[in-house]
Each structure stands twice: as C-alpha cells, then as structure tokens.
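The values are calculated or read from the model by the stated rules, or taken from the named source; none is laboratory data. Note that this is a predicted model, so its numbers are computed, not measured. Here the Cβ positions follow ideal geometry from the backbone for every residue, glycine too, while neighbour counts run over all protein chains shown. Please note that ligands, DNA and RNA were not included when accessible areas were found on the heavy atoms of the full protein model with its side chains. Shrake-Rupley method; radii C 1.70, N 1.55, O 1.52, S 1.80 Å.
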Amino acid sequence: MALDNKNNMSVGKSHYQDSSFRQLTGRAEYIDDIPLSENTLHGALILSEIPSGMITSIETEKAKKFDPSITVITAKDIPGRNDIAPIFADEPIFAEKEVTYVGQPIGLIVASSMERARAAVNEVKIVYKKDKTPILDLDLAFKKKNFFLKPIHFERGKANEQIRQAPHKLEGSFSMGGQDHFYLETHIALAIPHENSEFTIWSSTQHPTEVQHGVSNVLNIPAAKISSKVRRLGGGFGGKESQSTIYAAIAALGAYILDKPVKLRLNRKDDMASSGKRHDFEVKYSVGFNKKGKIKGLDITLLSNAGNVCDLSAPVMSRALTHLDNCYSFKDFTARGYICKTNTVSNTAFRGFGGPQGMLAIETILERVSRFLEIDLDELRHENYYSLKNGIKTPYGQIVKNIKIEKMINEMETFAGLEKRKLLVEKFNRSQINKNQPYRKGIAFMPAKFGISFNKVSLNQAGALVHVYTDGSVRLNHGGTEMGQGLFIKVAQVVSECFNIPIDYVHISGTNTDEVPNTSATAASSGSDINGMAAWKAATVIKRRMLKHASKVFQKPPSSIEFKNGLILSGNKSMTFKELAFSCWENRISLSSTGFYKTPKISWDQEKFKGSPYFYFTWGAAVSEAIIDIDTGESRILRADIIQDCGSSLNPLIDRGQIEGGFIQGIGWLTCEELYYSPDGKLLTLGPSTYKIPGSRDVPPEFNIKLLENTPNEEKTIFRSKAVGEPPLLLSISHFLALKNAISMASETSNADLLNAPATPSKILAAVHNDHSM
Amino acid sequence: MGEISLKLNGKLETKDVADNTLLIDFIREHVGLTGTHVGCDTSQCGACVIHLDGVSVKACTMLAKQAEGSEIVTIEGLADGDELHPMQQAFHENHGLQCGFCTPGMVMSAVEMVTKNKNISEDEIRKGLEGNICRCTGYHNIVQSVKAGAAKMGG
C-alpha cells in the first residue's frame, strides 16, 4: 500500500459526500421517509414522571375510552428478556416495577397514526409510590457510595509523596456538564414482521448488530431471523450507539404483538427526556510542582454521572482516565474513577467518549498552576510534554511513539501567530480597562493527543462484503454506518483504489446485518480505519483472482499486468474491467468475497488498568481567541486556528468537515449547552427553545483549518490515514481556556478558578465577580 | 375533515384531510414528498422550511388549511430534473452538508435569502441562517456554500 496518496486513483482525493446529490434534492431516504404499507401502526411512549419509586398501577381505561382502537403494551407483554444492555444485564426497555429516572419508558401506545398514539399517551395515568430520597446529583451519589462496578484506581510512581515534597502544591475541584447529542433526526425505528417469525428492523442506529441482539433478546427469537438495517442516520455523535436499541426493541415488540408494521418516531421532547447524553463529571485534584511548572506529582479523582443504568459508562470512564495525561509525561501519578449511579437518564457515548472530560480536567489543572505561578501556560506545558527527556510512557503503560507535539507547535506559530496575538490581547484588555469598557479578550493554545481504538480489545474488528458483477459494477457493503461523517465515500474510495476503477463503478449499499454480521458500532472514530481495511481485504481477494485469470487470458505473468483506471493493461494489449469481470464469470471464477480485519498490536488489562489499548495516537492543536462582556457575562469566539493530524488523509474535504463540525460541537458543550434539571430531577431543557446548540452566529467568523502536513501514519492503517471523527472536538477546550484567560484579565478580583463548564453567561459573571455561589 | 387544494412544486394537489393537519404532514404524509424533514416539531430547528408564495416558512407550525390556494415549493421542486439549482450546486461543491437532515431547510432558507438580497454579505448570511440549526458542519461550509450560491445566482 502506498505511503503517500499523491498518485492514487481515488484515495486522498476530495470526493463529495456519497449521497450529496440526493440529500440536496430531497431524494435521500431517512427512516421517516420509507413508504409504509397501509396496515402500518404508529407508536408513542409512556414515560415516567418521577425519578425514583415503584409503579403501583398503570391506568389505561381512560386512554382506551378516549380511543378504543389503541393497544397499550408494557413490560408484562414481553415474550423474551426485558433487557437490552450492551455490557451488563441491567437495562430494561420498559420499567417493570421500579422507575429509576424521569423520562424512563414504561409502555408503548400503538395507534393508527402518530397523532392518535401521542394523544392517547396523555390519557394514561401512572400511580407511583415515590421514593423520597432519589439520588439526583454526583455529590450525593459519591457520598452514598452509589457506584456501578468497583471504583478504578491506578498508580504510577509515588504521586502523594512527590506532591508533599514539591515546592508548591494546589488542591481543588471543578465540574463539567453533560451534553445532549441533538442529532437533527430524533430516534426512530420501523419494525416489520414477516413469515416464520422473521423481522426487518429499520433503526437509525450506529450499531445495527446491537439492535439485532436487543430485538432478539426481547422477542426471544434467534438473531438469524432479525434483519437490522440502516441506510443513513440524520446524525449520531454517539447518541445512537447503544441508545437506539431500546426504541428499536420497543417498535419490534409492538410489531410482534400486533403482527403489523410499527413505526416509532420520537418527538424532540421525548427524545431528550428518555435518551442518554454525555456524562457530566466532577474532578478533584491535588498537584505538586516546581517554580517552572514541572509537575512533580498529580492525584486526580474523576466522578462520572452514569445515570440510572451502567450502559457504556465503564469504557467512558476508562477513556477519560487514559486521556488525563493528554500530551504530558507524568511519572508520579494517581488516578481514581468513580462511576456514579443516579436517578437521572443513563448517560452514554458522545463524540470523544470521556476523552474530552479527561482532557478538560488536565488542561484546567495546568491552566490553574500557570496562573498560580504567573508563568505562561505554554512555557509550563514545555516543561511537561512527552519527549525523550521528559519520558514517553503513559501512566497506564503505553509508550507514546511518533510524537508530533513540536511539529504542531512550529506549524501553529506560522499558522496562527500565537505569541504576537497574546500581546495584542493584553493590549486590548489594558485599553478596555483604561477606558472603563466591559470587553475583555482571551487567547489560548492547546495540544491534543487522542488514542485510536475501542478501549475494549474485542470491539476492534470489522467485516465487509464486495461483489463484482459481470457488467463491471461493484457492490460494496460493510459494517459501518453513514451518519454524515463521510464513511461511505471513504470506504468506496478504498475499493475504487484497489481495483483502480473510477469511483462511480462502486455502488455503496446500506448497512445491514444480513450481509455483514457481528459488527462493532460505528464509533470511537474507528469507522474508516476498520471498515476501510476490511473492504480493502475483500476487494483484494477478488482482484487476485481476476489478476490470475487475466494472466491466463494475456498469457503473461501477473506481475506484468496492471489495473489502471478501469482497464487491464498488459504490454500493448488491454481489456476493460467489465470484460475481465465477464470473462471471469464465463470461466467460473468467483467474483465475490468477504473481508475481515482486526486491529493489531493492542492489549488491555482492565483489572490492572494497564496495557497498550490504542493502536496509534492522533495529534491536534488549536488556538482560540475569545471575548467576554464583564457586565453581562456573554461571550463569543472570535477566531479559531486548528491543525489536525489525519495521517495521509483518505479524503481531505471530508476530514476538514469533521474538524469544523467536531470543534463547534465541543464549543457548544463548553459554552451554551446546559442541561438544566428541576430540583425533583426533571430535565427542563427538552427542546431547542431551552437547550441551545451553536447557531450560525455562535461560530468563529475567522476559522482556519489545516491538516498536519506530510504525516503518513507510521502504523499500517488503511493508506496510512488516521481517524478524525472525535479528536477535533477535544480542541474546543482551547476556547474554554481562552475564556479563562479573558476572565483572569477581567479585573483584579476576578477568579478564573470558579469557571465550571459550560461557561454560560451566569458562570462567567460569577467568575468575573469572584462569586462562589454558582 | 375538509378538502384542501394548493399548488405543490407546480402541481395542483387536492386532498381531503383533517382540519388540524399540519402543512408538513400534508406535504409528507398526504402528498408523499418526504424531502422536507421534521427535526424538532416546534418551529425551532428549520429542517422543515419550505417556500410559501416565495417566502420561507416552517411547515411544522402551520396548518395545511392556512396554505389553501398557495403556491408551495419544497426541496424537491428546486432542481430542474437532474440539473441542480445553483444553491444546491454550491452546497454540493462546498461540502455544505454532512448527515443531510437539516439540508433541505438550509437550502430553502438560503435561496429565499439570496433571492431577496442578491449582494448578500457574510454577516447577513450568518444572521439569515439563525433559524436553521445544523449539528454536523459547524456552519462553516454552509456559509461558504451560501456565498458561492449567491454568486452563482447572479449576485
């Protein structure tokens, strides 16, 4: 495989999104657009109104009187297991006796239309015996030791001894909020029953295999009879990794009981109330350091809010803990992770998967140390960066190879002119203070290292299925799902490259468990890495057979035959790819193959919290410039400069899109997106009117992006590319640091330590005024 | 129930529907044009934007009855066969979409904005797109697309 992408047929070229044309003309089919048979019924969910308690009765008489045609389905109607948990068996599709959060599904109403089903839901009354002491926040869960699993504790060196002996030490704590995924397409599933207990489940999911398993468990029907499908998602971001399964299983249960197709499309309110989000975290730390900012010892405790069930909270915590080091070498390091169980919605995967929380923790600590010492944060970082001098072993034991920190810093200085702009920001602030004006600017750089691979070794596998037809067209299928990230076009580019045929010879098909079984979620940024490699392997098997046959046809050795732009060349003779495909068929040569890939070199011992869980690291860096209004607490991002390592990019256009979108999603998490709960545990931000994701004017008007140059992946990934889905989100932390920088220059009494995430106007005001009540 | 007639992408559509039928449901469910999407059901996200007598309207918060006799253009009515509208072409070339769910509404809003203001500035574009939210792109390429679309539309 070529080390650079310059002379390639398809790979490395900026092909457009695979169905861009159809998406722009309204012809792209999402699940809500699938034409329905006449007998299709529609569902709406009955959700819990209390955070914790026992269900004493579900009163449906009024609803049935209101609309006699409805069917009410609850836990007692489940023929199989009331559990769809991906890891631990603790996640019912319907609360049976006990409810554990506001918004938990208790039942399904099926009616002839969505409107009728939703209207009937309002007529259902649930009687509860309320638990008087629900656990609604992290502090209480921690105090009561209400945890999932055994707390994780790992150590390297002697952190506490080093902290004691260090010339300086600081202790503190801070918190960061969760985040709703706010995919534009809400959760949706369409379940269709067929003969012989077969079911087709269309589900907007990142994980069709898990949907298949969930439905199989709930209906007590073998997985082989369940066909789980999705052509595209209207956004996922982790929110449809495990969370889709519950809705798919509920729709399937309705279809099973009524023997008719059932569609369940959640409205935004029910989606936000019932489905999991990014974990909110609390951080407690103590750190010892010298006067130059060299960290001598670090002791960090992370609390994550798992919500009511464990779901993916264990691997999320593992990723948070393994990203506490970011780009820094800590030799004396202790970390603890507590996965707290609360009576709130189960938190789940969200782009970054704990990585952003871990990285925000360490960056905030270093920022605080730099202000304490009154030294530049970037100078402090230099004392601590991974390097041969400082050390290259992570606290969890993986060696950090091919470090690109210096390269990024050098490229960034030319790209963003950081040092000069720091002075301009200070000048601006002095002038604002002198003129008694309310604006303050802040600027910050940050580097990011992100580990690529699922933390759980077994998940790092992928399959593909490639067929070549006798007309020379190629059908591509693999286990990855397309949710806008451009996976389908990237993998098609790989196949086009393998056969050296134009990209439009390759037909991209939707994901389904019939063609490629036992897949992993499209998650952990791994989509193109693992599915691309599986597709390459499948195509290579077919190509070898075709080449062998071409060698017979041309009567030349295979080494003298070349596949070139849809032609097969041998000396001065040639044939088309189509002619060769047809000739293979005539000569009874198989033109179909599966491909399978498993990520090499990775190992992990969760018990000892030790190993090399990541195949490689991606590197990135950003500079953000922020402005705040110290009278109102409002803030803006003025400019962002990003350099991201994509290895040898498979598709620079698509990768840049991921960087732009990921960064802005992170800005939302850290500034305007606040999940607000009532004192009795009810999420009050249930729609875009109260939950604010970034809009067109909340993004930096100056937004400069560049892919790190000449950095093919040193590991043998598909065409030496690197994953890009999650890493850019972490770079948004630079904006949070820029806001802290602005607050630190707001006045003599301002206190940037007080800023917790998200940096809403009220939190910024509190920090500006050193108000500890927030 | 009552009969509602309106012109949809140049074609007269007459359907007998319940009085409280939303315009979005008339278009999606009764006529079967599913290019216009529902994102939030509450008039915030803009995935359902269509043109009603040349004006951008959120079809999720308007009754079909209110559109009686109107001329409606949806995303399906923008292209001329396989020839994309200049704004669609600009979104295509500038990678102004990812998951594509907000895209129909984005494009419809953009077309109206530029039709009314041929020399639209970047600031005006950003302001004009405030009623359409996108979770994937970070808006950068959407703004670039609208700029390029405006140029193609003869701005």
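Tabulated values for the structure
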read-out	value
Selection within the range B:112-155 - small (G, A, S), under 26 Å from B:L52 (Cβ atoms) and away from every other protein chain (no Cβ under 14 Å)	B:A150, B:G154, B:G155
Complete set of residues in the range A:306-322 that are of a type outside the set (D, E) and within 17 Å of the chain's Cα centre (by Cα)	A:A306, A:L312, A:S313, A:A314, A:P315, A:V316, A:M317, A:S318, A:R319, A:A320, A:L321, A:T322
Flag if A:I84 is open to solvent by less than 20 Å² (accessible area, probe 1.4 Å) and more than 14 Å from chain B (Cβ to nearest Cβ)	yes
From the options A:P700, A:P712, residue that is open to solvent by 10 Å² or more (accessible area, probe 1.4 Å), closer than 25 Å to A:Q17 by Cβ and more than 19 Å from the chain's Cα centre (by Cα)	A:P712
Cβ-Cβ under 8 Å pairs, at least 6 apart or on other chains, the range A:431-443 side surrounded by fewer than 22 Cβ atoms within 10 Å (Cβ to Cβ), far side of a type in the set (D, E) and outside any loop (DSSP other than H, G, I, E, B)	A:P438/A:D629; A:Y439/A:D629
From A:L675, A:L686, residue being modelled with pLDDT of 95 or more, crowded, with 16+ Cβ neighbours inside 10 Å and more than 11 Å from chain B (Cβ to nearest Cβ)	A:L675
Conditions (1) out of contact with any Ser or Thr (no Cβ under 6 Å at 6 or more places or on another chain); (2) not in a loop (DSSP other than H, G, I, E, B); number of the one not met by A:G484	(2)
Tally of residues being outside any loop (DSSP other than H, G, I, E, B), more than 9 Å from chain A (Cβ to nearest Cβ) and surrounded by fewer than 24 Cβ atoms within 10 Å (Cβ to Cβ) across the range B:78-104	3
Criterion (touching a Cys at 6+ places or on another chain (Cβ under 6 Å), farther than 29 Å from A:Q606 by Cα and not polar (S, T, N, Q)) met by exactly one of A:L170, A:L184, A:L190, A:L219	A:L184
Contacts under 9 angstrom Cβ, first residue in the range A:504-523 being without any contact (Cβ under 8 Å) to a residue 24 or more places away in the chain, partner open to solvent by less than 30 Å² (accessible area, probe 1.4 Å), 6 or more apart	A:D504/A:S496
Residue pairs meeting the criteria (Cβ under 6 Å; at least 6 apart or on separate chains; first farther than 11 Å from A:G397 by Cβ and at pLDDT below 95, in the range A:604-622; second buried (at least 24 other Cβ atoms within 10 Å of the Cβ) and basic (K, R))	none
Residues of the range A:501-527 satisfying the condition of being open to solvent by 30 Å² or more (accessible area, probe 1.4 Å) and farther than 30 Å from A:N565 by Cβ	A:D514, A:P517, A:N518
Selected residue (only one of A:V287, A:V316 is β-branched (V, I, T) and part of a helix (DSSP H, G or I))	A:V316
Wholly within the range A:110-225, strands (runs of 3 or more DSSP E) carrying at least 2 residues that are of a type in the set (V, I, T)	A:125-130, A:188-193, A:199-203
The listed residue being within 12 Å of chain B (Cβ to nearest Cβ) and over 22 Å from the mean Cα position of the chain (by Cα), out of A:I637, A:I667, A:I589	A:I637
